[in-house]
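Structure record follows, encoded as structure tokens.
No value in this document is a laboratory result; all are computed from the given coordinates. No experiment lies behind these values; they were computed from the predicted model shown. Neighbour counts run over all protein chains shown; Cβ positions are idealised from the backbone, glycine included.
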Amino acid sequence: QKEVEQDPGPLSVPEGAIVSLNCTYSNSAFQYFMWYRQYSRKGPELLMYTYSSGNKEDGRFTAQVDKSSKYISLFIRDSQPSDSATYLCAMSDRRRTYKYIFGTGTRLKVLA
Amino acid sequence: GAGVSQSPSNKVTEKGKDVELRCDPISGHTALYWYRQSLGQGLEFLIYFQGNSAPDKSGLPSDRFSAERTGGSVSTLTIQRTQQEDSAVYLCASSLRQESRPLAKNIQYFGAGTRLSVL
């Protein structure tokens, strides 16, 4: 079993929809959680990062962490065709903050 | 530079040849990382540099893989005697530093990667 599980998709939604992307993890030592967006043939681009449980909002994006359930989510409001990309969750623990463990990514398509 | 720069962007080589992949981190970033992204797989950690030292190279898949960093800046990932299973995108990232807090200084920023194809 992988340390971080992520549904690969693809997930197709109409423009303007609210998108929910999720990751589950097995290592209770994970304390730092990141979401990256990766366009085809590009490097991952940081969207959100958080340390604690709860919600963090930035524009159309909200990151949610539930440590008790070992579950994190990224919500995208008013989705746009330009949001079509692969979304990667990443996490690390306090002892090795540098060693990001990534999910396999969810491919999102926002249809105009 | 403005971002992490990697070269070449694409590399095609024959099985058994050696390859060198280069990474220029963001100016002022002391920490540098290499990851590998294979088809259908998540990013896989390879090695972490703090300055010119590599405190963690546990992710290097075999002794055919090595990396160095000079002047606290540019890093080179070398793969000797390449095999077909080495075909992947090799991504480099850098961060301002590495410490437990504040989190913002640890965040890794990625380059566009080198797409390696071993024939």
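Some points to look at:
- A Förster distance of 35 Å, applied to the separation of the beta-carbon atoms of residue A:55 and residue B:96, puts the FRET efficiency at 0.85.
- Across every direction, the projection of the convex hull enclosing the Cα atoms of the range B:20-94 has a mean area of 4.7 nm².
- Placing a pseudo-label 7 Å from each Cα along the Cα-to-Cβ vector at residue A:99 and residue A:80 gives an inter-label distance of 3.9 nm.
- The GluC sites (Glu not before Pro) of the range A:1-78 that DSSP puts in a loop, and whose beta carbon has at most 15 other beta carbons within 10 Å, are A:3, A:15.
- Sites count as exposed loop sites when they are GluC sites (Glu not before Pro), lie in a DSSP loop, and have at most 15 other Cβ atoms within 10 angstrom; the longest stretch of chain B without one is B:15-98.
- Fewest neighbouring Cβ atoms within 10 Å first, the residues A:35, B:34 line up as A:35, B:34.
- Residue A:111 versus residue B:13: modelled label distance in nm, points set 7 Å from Cα along the beta carbon direction: 4.4 nm
- Residues of the range B:27-55 with amide N under 16 Å of a point placed 7 Å along Cα→Cβ from residue B:84: B:39
- Once the Kirkwood radius over Cα pairs is known for chain A, the Stokes-Einstein relation at 4 °C and 1.567 mPa s delivers a diffusion coefficient of 92 µm²/s.
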